[in-house]
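Nothing in this text is a laboratory measurement; each read-out follows from the coordinates by a stated rule. Everything numeric in this text was worked out from a predicted model, so none of it was measured. Backbone-built Cβ (ideal geometry, glycine too); neighbour counts: all protein chains shown.
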Amino acid sequence: MPDPAAELSRAEALIRLGAWEPAHAALTRATAIGDGYLFAAWMLRFLAAAGERPAPDAPVNPRQIEEFAEALAEVSPHGPAALAADRQGPLVDATRDALARMGCNRSAFATYHDGHVLRRLSTRTGVRHASRQALQTIRSADPARALALLDAACARWPRSSLPLAHRGELRMWLGDDAGARADLEAAIAINPRTRWAYVGLTLLAQRTGDPAGALAVSAAGIAQMRGTVGPAVYAHRAGARAATGDLAGALADLEHAVVSHPARIGAWVELGLTYAAADDQAGLVRAFDHLRAHAPGLVSDAAAAVQRPAWGDMSFTPCSEDQATILAEALAMVRGNRSSTCVTYVTRAGQLRTVPHGPAAAHPMTRIDADLTGIRTMLLRSLGAS
């Protein structure tokens, strides 16, 4: 079972050794699999960046510390002064002091030593965590509620681009392309190195019929991030590559997207359609069968909308033409959603629905078993029997 705390401890050791690249990789894994407010990951990422490019007297980009600034001020007595000084050296020292006071606790349930007293961290969130949590409420809340929470995050952290980027993403999911574009462009205006803003603008350009522009935006985002390609880039630029005739490049992007994040349903839909365009029947069937198993509601709604069969007896598989027709409708329904953790779609009747999320690539029955196990563990803990 992947353990984010173990990945953070590994990253911390790698930072001490000066092994920057594997340290960043471990931190990326930790934040990808972790739940809750893992501010220690962002503290360690800051230390890794400072170790790679030491400049003790230089000011620090607010983006590097915004996720843990409030926690730093609480845990380390040196935190408030270091934040006020806004220089790398004092901030590195205060961050190291905070991590030392936390002992070996790198979990989302953070504690720290205040003299001889062990205290629970009272800071509950940072800008990234709050924005992500607000976005995720779309699973069970009305869109207006989710947007209101993101509005509140934008108001609380007006100097951060992250709430705007998350609100832009949600607006893409809801089909508000104009609002999404405004938010994503505003995010870049605040911080030109907001990776997801370029990712979202890439898909928006493709959705409005400008695949060449989409690829240009994607390339600009990669250049801003010093040549690094984030995991979301592949799923969001693939459609533009296919639209410009680069089916091989689109397939490479989509295969990378679904291998690295098997729960990225929108990428699976596009993968099936790209295989259909490449006349690869085996690839189309593989993608379609995956979606029938992992997103049956989406497939069922899409099939009903176009009046094509998706299921029959145990051995039934729709013909290639019907599979492609169903997937094309599914792609229209997911709109701008290429998420790996919160998959939404909108039916022709305007109903907002979600695809249940579980462990990556898990079969629905496996997800049910995992949920029951989690409930049992929670009940035992509440009874003091764990």
Using the beta-carbon distance between Thr123 and Ala349 and R0 = 41 Å, what value does 1/(1 + (r/R0)^6) give for FRET efficiency, to the nearest 0.05? 0.45
Would you mind checking the range 242-282 for residues with the amide N under 20 Å from a putative spin-label position 7 Å along Cα→C-beta of Cys319? 273-282
How far, in nm, would the chain grow between Arg96 and Arg376 when pulled straight, counting 0.36 nm per residue and subtracting the alpha carbon separation? 97.0 nm
What Rg and what Dmax come out for the chain when only alpha-carbon atoms are used, in angstroms? 22.3, 70
For the chain, take the longest principal axis of its alpha carbons; what is the angle in degrees between that and the long axis of helix 320-334, to the nearest 10 within 0 to 90? 40
If you place +1 on the Cβ of every Lys and Arg and -1 on the Cβ of every Asp and Glu, how big does the dipole about the Cα centre of the chain come out, in debye to the nearest 20? 840
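Using a 10 Å cut-off around each Cβ, can you sort His261, His166 from fewest to most neighbouring Cβ atoms?
In order of increasing Cβ crowding within 10 Å: His261, His166.
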Net charge around Asp280, counting only other residues with Cβ within less than 13 Å of its Cβ (Lys, Arg = +1; Asp, Glu = -1)? -1
Around Arg167, what is the net charge, scoring Lys/Arg as +1 and Asp/Glu as -1 over all other residues with Cβ under 14 Å from its Cβ? 0
Between Tyr198, Tyr112, Tyr275, find the one with the highest GNM mean-square fluctuation for the chain; connect C-alpha pairs within less than 10 Å. Tyr112
I'd like the distance between the alpha-carbon centres of the range 54-69 and the range 298-345, rounded to an integer number of Å. 46
For the chain, calculated [θ]222 nm from helices alone, where every DSSP H run of n ≥ 4 adds -39500 (n - 2.57): -20500 deg cm²/dmol
Of Trp196, Ala276, His116, whose Cα points farthest to the positive end of the dipole of the chain (charges on the beta-carbon: +1 Lys, Arg; -1 Asp, Glu; origin at the Cα centre)? His116
Cα-based Debye curve of the range 286-333 sampled at q = 0.17, 0.21, 0.26 Å⁻¹ gives log₁₀ I(q)/I(0) of -0.39, -0.61, -0.97
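Counting other beta carbons within 10 Å of each residue's own, what order do Leu99, Leu379 fall into, fewest first?
Leu379, Leu99
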Mind grabbing the base-10 log of I(q)/I(0) for the range 184-292 at q = 0.12, 0.20 Å⁻¹? Debye formula, identical points on the C-alpha positions, no solvent, two decimal places. -0.40, -0.98
In a GNM of the chain with a 10 Å cut-off on Cα contacts, which of Trp157, Trp196, Trp268 has the highest mean-square fluctuation? Trp157
Residues other than Leu14 with Cβ under 14 Å of its Cβ, Lys/Arg counted +1 and Asp/Glu -1, net out at +1
Enumerate the calculated ³J(HN,Hα) couplings along the range 176-191 in order (Karplus 6.51 cos²θ - 1.76 cosθ + 1.60, θ = phi - 60°), each rounded to whole Hz, writing x wherever the residue is Gly or Pro. 8, 5, 5, x, 4, 4, 4, 5, 5, 5, 5, 4, 5, 5, 6, 9
Based on Cβ point charges of +1 for Lys and Arg and -1 for Asp and Glu, what charge dipole magnitude is obtained for the range 21-99 about its Cα centre, in debye rounded to the nearest 20? 180
Projecting the Cα atoms of Trp42, Gln351, Leu383 onto the charge dipole of the chain, where Lys and Arg contribute +1 and Asp and Glu -1 at Cβ, the residue farthest towards the positive end is Leu383
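Starting with the fewest neighbours, write out Cys104, Cys154 ranked by other beta-carbon atoms found within 10 Å of each beta-carbon. Don't jump to the answer; show the numbers that get you there.
On the way: Cys104 9, Cys154 21.
Fewest-to-most ranking of Cys104, Cys154: Cys104, Cys154.
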